[in-house]
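Trainee: Please find one structure pasted underneath; my questions will follow.
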Amino acid sequence: MKNKLSIIIPVYNVAQYLDACFQSLLKQEVDSFEVIVVNDGSTDNSQEIIDCYTKDYPAIFKSLQKKNGGLSDARNFGVPHATGEYIAFLDSDDYVADDTYTNMIEKAFETNADIVLGDIIYFWEDSNRTDYVKGLYQGEVDSIQKQAMLSPLFAWNKLFKRSFYMEHELSFPINTWYEDIAVILHAFSLTEAIAYAPEGKFYYRQRSGSIMSNKNSERLFEIFSVLECVYTNFSNENKLNDFYQEIEYLFIEHILLYGQFRFHRSSLWKSLCVHGFSFVKTYFPYWRKNKYLQLLSKKRRFFVLANNEFMMYFFHLYINR
């Protein structure tokens with residue numbers, strides 16, 4: 001029987017989280033699916049755990065090993081081995097609700113979608129805190145593509161039709177943070193066959209040892225090169241005008257809104273903030289007129305519009321109080 005779904009899971013030194021991730025997949029009721037586990041050069045006992053699952057569930061779990069190359073490289077490495085009609089990417093320290101892939105694959109076949117989106121539940125392993133985030137932007141937008149572009153741009157809360165993925169030669173850029181943004185936006189620009197399955201729920205672990213929890217890394221600056229790549233690609237493909245407001249808001253959101261909170265918690269905050277202000281203004285000099293700003297809460301809109309090279313010192317004190 002042909003697999004309906006291939007789930008690709010990169011693994012690097014996360015042995016303590018693998019059981020939770022793998023067990024959540026065994027609870028899915030998809031007729032036929034495979035889990036392709038890519039061990040990206042782990043030095044802990046991750047492979048021992050992977051071997052247990054491939055031995056106990058050989059029809060589902062498949063093990064691949066490679067030298068360490070990072071998250072994107074591991075995802076890309078797994079794609080040629082996928083046989084499912086749809087591909088999913090799941091991070092090895094996260095897990096899914098029991099019916100997540102069941103509902104998402106049903107939605108995929110029902111709508112013949114190229115991409116299916118699910119919801120996200122942030123959870124903190126050191127507390128009972130959770131935060132539920134819709135996988136599809138809920139505001140009124142005139143196309144599903146724009147609606148998707150305004151949504152969380154993670155790769156792991158989505159399904160991709162494999163033929164669509166391969167036809168457009170999608171792949172994740174290696175050796176960079178924020179690797180999902182450019183790929184997911186590009187994919188959204190290629191199709192209107194996008195569906196939403198709110199019954200799909202992805203549990204996104206917030207932990208101190210994750211890559212994105214490193215607040216003092218120079219790699220925080222990589223958000224600027226990723227967004228520059230987005231702007232250039234949309235411009236070169238003559239799609240910038242079609243999605244101008246959405247790309248502009250993406251810059252605002254990732255640099256002037258959520259980005260600022262990350263910047264201000266870094267020892268590099270001054271240079272990150274100052275560069276961020278000039279960066280957005282360079283590409284979108286009239287960003288203050290963006291229509292999506294009006295949809296923000298008053299508090300968030302004030303923060304975005306009032307923050308500048310002078311006010312950033314006050315906001316820095318407030319954020320780190």
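Nothing in this text is a laboratory measurement; each read-out follows from the coordinates by a stated rule. Because the structure is predicted, anything quoted here is derived from the model rather than measured. Here the Cβ positions follow ideal geometry from the backbone for every residue, glycine too, while neighbour counts run over all protein chains shown.
Trainee: Any chance you could run the full-extension gain for Ser163 through Thr232? It's 0.36 nm times the residue separation minus the Cα-Cα distance, nm to one decimal.
Mentor: Once the chain is fully extended between Ser163 and Thr232, it gains 22.2 nm.
Trainee: Please work out whether the stretch 84-181 counts as rounded, prolate or oblate from its C-alpha gyration tensor, where a ≥ b ≥ c are the square roots of the eigenvalues and a/c under 1.5 means rounded, while otherwise a/b larger than b/c means prolate and anything else oblate?
Mentor: In terms of gyration-tensor shape, rounded.
Trainee: OK, next. Treating cross-link reach as a plain straight distance, find the lysines whose alpha-carbon is under 30 Å from the alpha-carbon of Lys289, omitting any fewer than eight places away in the same chain.
Mentor: By straight Cα distance, Lys289 reaches Lys134, Lys146, Lys239, Lys270, Lys281, Lys298, Lys299.
Trainee: Let me ask another. With labels modelled as points extended 7 Å from the Cα through the Cβ direction, what inter-label distance (nm, one decimal) is found for Thr282 paired with Leu295?
Mentor: With each label placed 7 Å out from Cα toward Cβ, I get 2.8 nm.
Trainee: Okay, next question. Ordered by residue, what ³J(HN,Hα) values in Hz, to whole numbers, does the stretch 237-252 give under the Karplus form 6.51 cos²θ - 1.76 cosθ + 1.60, where θ = phi - 60° and Gly and Pro are x?
Mentor: Whole-Hz 3J(HN,Hα) from phi for the stretch 237-252: 8, 6, 10, 5, 5, 5, 10, 4, 4, 6, 5, 4, 5, 4, 4, 4.
Trainee: What percent does the relative contact order of the stretch 5-209 come to when contacts are Cα pairs within less than 8 Å and at least six residues apart?
Mentor: Averaging sequence separation for qualifying contacts and normalising by length gives 26 percent for the stretch 5-209.
Trainee: If each of Glu199 and Tyr122 carries a label point 7 Å out from its Cα toward its Cβ, how far apart are those two points in nm?
Mentor: 2.8
Trainee: How high is the FRET efficiency between Asn45 and Leu240 when r is their beta carbon distance and R₀ equals 41 Å, given to the nearest 0.05?
Mentor: According to the calculation, E is roughly 0.30.
Trainee: I've got another one for you. Under the rule a/c < 1.5 gives rounded, and otherwise a/b versus b/c splits prolate from oblate, where does the stretch 214-319 land using the Cα gyration tensor?
Mentor: oblate
Trainee: Check the stretch 1-76 and count each lysine pair with an alpha-carbon distance under 24 angstrom, considering only pairs eight or more places apart or from different chains.
Mentor: Taking the stretch 1-76 as the scope, the lysine pair count is 10.
Trainee: Something else: Subtracting the Cα-Cα distance from 0.36 nm times the residue separation, let me have the gained length for Lys2 to Thr191 in nm, one decimal.
Mentor: 65.6 nm
Trainee: Using Cβ counts within 10 Å as a stand-in for footprinting exposure, how do Ser189, Ser163, Ser217 rank, fewest first?
Mentor: Fewest to most other Cβ atoms nearby, the residues stand as Ser163, Ser217, Ser189.
Trainee: To the nearest 10 degrees, how steeply does helix 269-283 sit against the main Cα axis of the chain, on a 0 to 90 scale?
Mentor: Helix 269-283 sits at roughly 80 degrees to that axis.
Trainee: If I take every Cα pair under 8 Å that is 6 or more residues apart in the stretch 24-105, average their sequence separation and divide by the length, what percent do I get for the relative contact order?
Mentor: 45
Trainee: Still on this structure: Take the alpha carbon gyration tensor of the chain, find the square roots of its eigenvalues, order them as a ≥ b ≥ c, and report rounded if a/c is under 1.5; if not, report prolate when a/b exceeds b/c, else oblate.
Mentor: prolate
Trainee: Full extension from Asp98 to Asn68: what is 0.36 nm times the residue separation minus their Cα-Cα distance, to one decimal in nm?
Mentor: Extending this stretch completely gives an extra 7.7 nm.
Trainee: Under 19 Å from the 7 Å Cα→Cβ point of Thr54, by amide nitrogen: which residues of the stretch 7-24?
Mentor: 7-23
Trainee: Go through 83-93, 28-38, 239-249 and give me the packing order, highest mean Cβ count within 10 Å leading.
Mentor: 83-93, 28-38, 239-249
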